[in-house]
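Here is the structure we will look at, set down as C-alpha cells.
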Amino acid sequence: MNETAFKRLKDLPSQRLLGTGTPLCAGCGGLEALHQIYDILGGRSVFVNAAGCMTLLAVYPFTPFRGAWLYTAMAGAPAGAQGVRDALDLLLAKGRLPPAEDLTVVALTGDGVAYGMGLSATSSAIERGLDFLYIVYDNEGYGNTGQQYSEATPLGAKTATSLRGFAGRKKDLFAIWTAHRPAYAATVIGAEPLDLARKLEKALSLKGPRLLLALAPCPTGWDFDPKDTVEVGRLAVRTGVWPLKEYVDGKVTHTRLPHPRLPVEDYLRTQGRFRHLFEPVRDEALLARIQAQVDDYWAGVT
Amino acid sequence: MYRIRLHGRGGQGIKTAGRMLGSAFFLSGWEVQDATVYGAERRGAPVYAYVRADHGPIHERGVIRDPDLVAVVDESLVGIPSAGVLQGLAGRGLLFILSTTPAALWQQRLNLPDRVLTLAPPAGAPPIGTLCVGAAARLTGVIDEAALVAAIRQELAGMPAAVVERNLDWARRAYAELAPHAGRVVEGGSGTAVGYAAPDWVDLPLEPAETAAPAIHAALTSLRVPTGLWRTLRPVIDYDRCNRCWWVCSEYCPDGAITVAADGTPRIDYEHCKGCLICVAQCPPHAISAIPETEATNP
C-alpha cells in the first residue's frame, strides 16, 4: 500500500492516548503494543476485553481508556463484540446515532483466550462476518495467573506447568484465522512500531473480522529484565521466530524478511524460560528441533 | 498457634518467604500450614503469604485475620488499604517493617504504640522476603539459626549457589539484628472449628450489578494511580546528549509515561514511570541513564 500515512518513524503519533497508571507489569510487551495501537485508534472505540492480564487495565474506579471498555468471561469476547456491534447498528439504523459518531468495536484478549478457550466463539464471529478488530497480546502462557502453559506456548519453554520445558508446539493462530478468509489478519510486535502502525491503518480501512496478533514479550513470565522487552521482541523477528506478515484479499505477504536470519539461540538465550536448554548442559537435540521448526517455516516462504 | 502474615510486592519473593518460614518452623518440630494468597501475579502487585505453626494438627483454614506478626517487605504498602497490611492489627499483634524510618515514627503514624519494629535493609540488599524470614524467625524465638539456614537451603534448592549464599547472608543478618527482640511475638490461642467465628470482612453479600460491577463514567482516571512508587531505579535524561528524535523512548515506553514537547524534547512522568528502563536500553545516543531512586532529587 503506497498511500500509508506512516512512511517513516517520525510519522508515528507523538500523542499518548492510553492513560498511564495501569497496574500492568513494568516492561510489559503487551501494553507497549496496546498503547501504540490506541495512539492511532483513539477513544472512538469500544474495547471488549476477555479475562486476562489486560482486564486489570480498568479496575474500578480507574481506567486508562478515553472510550468505552467492557469486561467479559474468557470465551465471551467475540460474542460481547457482536452484541456491542449489533447495538451500535440498531442505533445507527434508527437514526439515534449519527454515522459520524459510530465506534470501532475491538475484542482484546490474551493468547489463552485467542488460541484456546475463545476460539470457538471467534470462529463463529468470523463466519458471521462480524465487523470487529480482534487484538491479541500473545505472551505465550496464562500470564495473569503465574504463567501456566497455554496453546500458544512454544516448544521447550519452561512454564509453571511445564517445568522441564513445554513438549508441544505453538498453535498457528494466524493460519487458523486466514483459513476463515477474514477481511484482514496480521502479526505485529511492539518492537516494530512502524510495521504495526501500517497494519493497523490497513485494518481500520477495512470492514469485517480483522486480527492483529501481537507477540508480547513478558518479563515476568519469560524471565528477563524488563528493560530488554524491545530487544527480545526485535530478536524474535530477526531470528524468524515471529514472522511479521499480513493477510489481505486472500494473500499472505511477509512484511519483514529477516536477512540474515539469526540463529534462534540468540533469541532463546535472552530468556530464563529457555535457560534449561543451555545449563547445566546444552540440549543440542532440542535446540536443533526448535531451529528446524523455524527453518521449515521459512523454507515455505517464497 | 503462631499466625504470621508476610506482605510485599510481586517479585520480592513473598511466596518463597512464606515457604521458607513454614519450613523453618517445620524443621523446628512444629506442625505447619503455609500458603500464598493468589491474585493477579505480576511484578509490583501487592501480594501476601501466610504461615500458621502449632504444636498439633492445624484445622484452621483461610487467610489469617488475627495475626501475631505481620512482616512487611515493602513499606510503601502500609498506606495502601487494598494491600491489607494492617488488617487485624487493631487489637494485638506485632508489625515488622523493612524500613529506614525509625520504628517510633511508624508507631506514632499507625497508632500502634510499642508494636512496630523496623530493620533498615543491610547495604546492598534489596527489599526481599528473605530478610523478613530471618527477622520473623528471630521474633518468634522458637526457630534456631540452623533450622533457618536449612529451610532456606531447602526452598532455594536448584538456584545458583551465589543466590543461595546471598539470601542466607541476608536472612542471617536480619536474624542477628533482631536478637534483642527474640520472642517478642506472642502465640495466639489455638482455634477450634466449634468456636471459630466466620470472618465478617470476607463476606460478599449479593449486590445489584450496578453496585457489584459499577461503571466508570470518566476517562483516564488511571492517571490518579501513582505507579511511580514501583520504581527502584529512575531513568534520567541528559538533555545535552538527547538528540530530540522523540519517537524512540516515547514510543517504546509501555506505559506512555514519556511525553514529547512540540520541539521533540521528551519528558519522563515520574509520577507514573514504573522504572522498567526500556528507554535507557533503547535511547540511540545513550542520553538516558538510571540512578537509584533513593539518590534522586525530586523533579
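The values are calculated or read from the model by the stated rules, or taken from the named source; none is laboratory data. Here the structure is a predicted model, which is why all the values come from computation and not from measurement. Reconstructed Cβ throughout: ideal geometry from the backbone, glycine too, with neighbour counts over all protein chains shown.
Inspection of segment A:115-127 identifies at least one residue that is touching an Asp or Glu at 6+ places or on another chain (Cβ under 8 Å), of a type outside the set (V, I, T) and away from every other protein chain (no Cβ under 14 Å).
For segment B:268-290, how many residues are of a type outside the set (A, V, I, L, M) and without any contact (Cβ under 8 Å) to a residue 24 or more places away in the chain? Final tally of qualifying residues: 1. The requirement of being within 14 Å of chain B (Cβ to nearest Cβ) and assigned to a helix (DSSP H, G or I) is fulfilled somewhere in segment A:144-165, by at least one residue. In segment A:284-301, the count of residues that are modelled with pLDDT under 95 and touching a His at 6+ places or on another chain (Cβ under 9 Å) is one or more.
Only residues that are assigned to a strand (DSSP E or B) and either more than 12 Å from chain B (Cβ to nearest Cβ) or among the β-branched types (V, I, T) (or both) were counted across segment A:129-143, and they come to 6.
Residues in segment B:54-82 that are buried (at least 21 other Cβ atoms within 10 Å of the Cβ), charged (D, E, K, R) and in a strand (DSSP E or B): 0 in all. For beta carbons closer than 6 Å, sequence separation of 6+ or different chains, a first residue in segment B:43-54 that is of a type in the set (V, I, T) and a second that is crowded, with 22+ Cβ neighbours inside 10 Å, the qualifying pairs are B:V47/B:I14; B:V51/B:I4; B:V51/B:G18; B:V51/B:L21; B:V51/B:G22. Looking across segment A:27-46, just one residue is more than 8 Å from every other protein chain (Cβ to nearest Cβ), free of Cβ contacts under 8 Å to residues at least 60 places away in the same chain and not in a helix (DSSP H, G or I), and that is A:G42.
Can you tell me which residue within segment A:59-68, out of those that are farther than 15 Å from A:Y137 by Cβ and facing chain B (nearest Cβ under 7 Å), is surrounded by the fewest Cβ atoms within 10 Å (Cβ to Cβ)? Only one residue fits best here, namely A:Y60.
Inside segment B:204-299, counting only strands (runs of 3 or more DSSP E) that do not spill past its ends, which hold 3 or more residues that are surrounded by fewer than 18 Cβ atoms within 10 Å (Cβ to Cβ)? Output list reads B:288-292. Within segment A:257-267, identify whether any single residue is buried (at least 21 other Cβ atoms within 10 Å of the Cβ) and at pLDDT 95 or above, and answer yes or no. The answer is yes, given that some residue of segment A:257-267 is buried (at least 21 other Cβ atoms within 10 Å of the Cβ) and at pLDDT 95 or above.
Each residue in segment A:7-26 was checked for being more than 7 Å from chain B (Cβ to nearest Cβ) and either touching a strand residue (DSSP E or B) at 6+ places or on another chain (Cβ under 8 Å) or of a type in the set (K, R) (or both), and 2 pass.
Checked across segment A:4-12, the condition of being free of Cβ contacts under 8 Å to residues at least 40 places away in the same chain and in contact with a helix residue (DSSP H, G or I) (Cβ under 7 Å, 6 or more places away or on another chain) holds for at least one residue. Restricting B:L233, B:L220 to those that are modelled with pLDDT of 90 or more and closer than 21 Å to A:L34 by Cβ reduces the list to B:L220. With respect to the conditions (1) more than 24 Å from A:E201 (Cα to Cα); (2) more than 18 Å from the chain's Cα centre (by Cα); (3) part of a helix (DSSP H, G or I), A:P23 falls short on a single one, namely (3).
Counting only helices (runs of 4 or more DSSP H) that sit wholly inside segment A:185-302, those with at least 3 residues that are away from every other protein chain (no Cβ under 14 Å) and within 30 Å of A:V106 (Cα to Cα) are A:193-204, A:229-238.
Restricting attention to segment B:149-165, the residues that are modelled with pLDDT of 95 or more and more than 20 Å from B:A35 (Cβ to Cβ) total 5. Among the hydrophobic types (A, V, I, L, M, F, W, C), surrounded by 24 or more Cβ atoms within 10 Å (Cβ to Cβ) and either closer than 30 Å to A:P226 by Cβ or over 14 Å from the mean Cα position of the chain (by Cα) (or both): does that describe B:V51? The answer is yes for B:V51.
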